[in-house]
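This report concerns only the one structure given below.
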Amino acid sequence: MSERLKARLARPRRLFVTPGGDEFAAWCKDHPGTAVELVVSARALHELVVEPGLPLADLDAVQAYAQQQFAHYFGAAAQRFAIAPWKLGEAAGASALHGLDLASLRSARVHVAAVRPAWAVWLASLPAATRAGTGRAVWHEGEIAVVIQLDRGRVTALQSRRVKSLADLGGDAPLAVGTPDSDLAAQPGPATPQPDFLPRSAQSPLAWPLAATGALVLATAAWSAVESHRALEVAQAARERVAQLRPTPKPQPRRTAQPAENRSATEARALLAMPWEPLLTRVETTGADAKSIAWLGLDASAGRGELRLEGLTPDKLLALQLAEQLGATPGWGQVVLSRFAAAETGLTGQRFEISARVPTGSGS
């Protein structure tokens with residue numbers, strides 16, 4: 001498996017990075033072929049919260065507004081800032097990355113799955129009751145404190161401040177205080193801002209389901225290959241044992257023996273040889289524009305060169321358009337929306353299935 005594909009299929013590890021990103025460069029040398037979610041220090045960020053009432057309909061509008069504001073305050077230097085907008089209900093804002101080079105981060109030998117402000121990752125790790133409260137939550141890094149004002153769980157203000165200690169903030173005790181040593185594992189609860197510095201075209205809700213499915217396919221194939229190899233060894237040993245017990249036969253014309261191939265072993269090798277990276281990437285990028293589609297699974301038969309995708313959509317037209325786009329992919333054939341039905345209890349939308357003939361590793 002290629003190092004790049006291995007990285008895309010890996011579960012991201014979290015790494016805290018500071019201005020300069022030296023710890024990331026060192027980490028990459030020791031972890032090639034892995035995936036990482038970068039948690040960015042407040043010392044590498046500027047923050048902005050949009051004034052209430054501005055007509056900013058979506059993230060693109062928030063980003064455009066934030067770029068204007070950062071340019072106003074920081075001048076020409078703001079042109080080099082990467083912007084991560086966020087929008088949650090009526091609240092909106094953006095983070096500006098000024099202490100790290102996003103392009104160099106993404107060019108590393110690892111798969112960068114996300115680049116998020118530390119305060120946002122920490123806020124999502126707070127217990128539900130804390131996140132739903134009213135008051136201040138403070139992310140503290142030495143001389144920098146990011147003060148997040150919450151109103152019944154809604155972010156109403158967010159400000160980076162230079163402090164010598166938390167006592168400099170004054171006022172009532174914070175609802176919670178986080179530091180780089182805090183446990184940043186996400187917790188269920190009210191939604192929180194999720195700014196990400198990666199271009200939104202590179203972010204897709206399909207990545208994890210497809211990566212997990214691909215990993216499962218490869219793991220199953222590898223296991224089948226091992227089991228098949230063991231079965232062949234056992235069968236060969238049994239044949240040799242039987243041959244030892246039989247009387248010596250009369251000489252017969254010599255024939256070239258062909259090793260018996262187990263079907264699962266053949267399929268396993270074919271699955272491992274399939275070009276998973278372009279296949280998964282094509283499905284991911286094709287579905288990226290249909291943001292309301294949720295993928296449920298992927299099944300492949302390498303021997304027949306067939307691929308089957310299952311998902312949920314609120315509109316049959318979206319599934320039809322997705323099938324048409326996949327059908328226009330070079331090498332893909334017989335792409336059809338083979339099934340469409342109401343979703344099971346507990347799922348929202350219509351369940352659909354797309355089947356297709358795809359390239360295999362054998363060049364077919």
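The values are calculated or read from the model by the stated rules, or taken from the named source; none is laboratory data. This one's a predicted model, so the numbers in the text were calculated from it and none came from an experiment. All Cβ positions, even for glycine, are placed from backbone atoms using ideal geometry, and neighbour counts span all protein chains on display. When the accessible area is computed, the model is the full protein with side chains, heavy atoms only, and any ligands, DNA or RNA have been set aside. Shrake-Rupley method; radii C 1.70, N 1.55, O 1.52, S 1.80 Å.
Of note:
- One residue alone among 38, 15 is within 16 Å of residue 179 (Cα to Cα) and touching a residue at least 60 places away in the same chain (Cβ under 8 Å), and that residue is 38.
- Subset tally (residues that are surrounded by 18 or more Cβ atoms within 10 Å (Cβ to Cβ) and either in contact with a Leu (Cβ under 8 Å, 6 or more places away or on another chain) or at pLDDT 85 or above (or both)) for segment 100-109: 3
- Scanning segment 10-40 for residues that are over 22 Å from residue 141 (Cα atoms), assigned to a loop (DSSP other than H, G, I, E, B) and open to solvent by 10 Å² or more (accessible area, probe 1.4 Å) yields 10, 11, 12, 31, 32, 34.
- Matching residues, segment 1-57, being modelled with pLDDT of 90 or more and β-branched (Val, Ile, Thr): 17, 18, 36, 39, 40, 49, 50
- Residues of segment 72-90 that turn out to be open to solvent by 10 Å² or more (accessible area, probe 1.4 Å), under 22 Å from residue 157 (Cβ atoms) and of a type in the set (A, V, I, L, M, F, W, C), as a count: 5
- Residues within segment 41-79 that are in a loop (DSSP other than H, G, I, E, B) and of a type in the set (A, V, I, L, M), tallied: 4
- When segment 41-62 is filtered for residues that are open to solvent by 50 Å² or more (accessible area, probe 1.4 Å), touching a residue at least 60 places away in the same chain (Cβ under 8 Å) and closer than 22 Å to residue 145 by Cα, only 43 remains.
- Any chance residue 122 is of a type outside the set (D, E, K, R), open to solvent by less than 20 Å² (accessible area, probe 1.4 Å), farther than 30 Å from residue 32 by Cβ and touching a Leu at 6+ places or on another chain (Cβ under 9 Å): no
- Candidates 94, 120, 114 - the one that is at pLDDT 95 or above, within 24 Å of the chain's Cα centre (by Cα), under 22 Å from residue 19 (Cβ atoms) and in a strand (DSSP E or B): 94
- Every condition in (1) in a helix (DSSP H, G or I); (2) touching a residue at least 60 places away in the same chain (Cβ under 8 Å); (3) open to solvent by 10 Å² or more (accessible area, probe 1.4 Å) holds for residue 168 except the one numbered (2).
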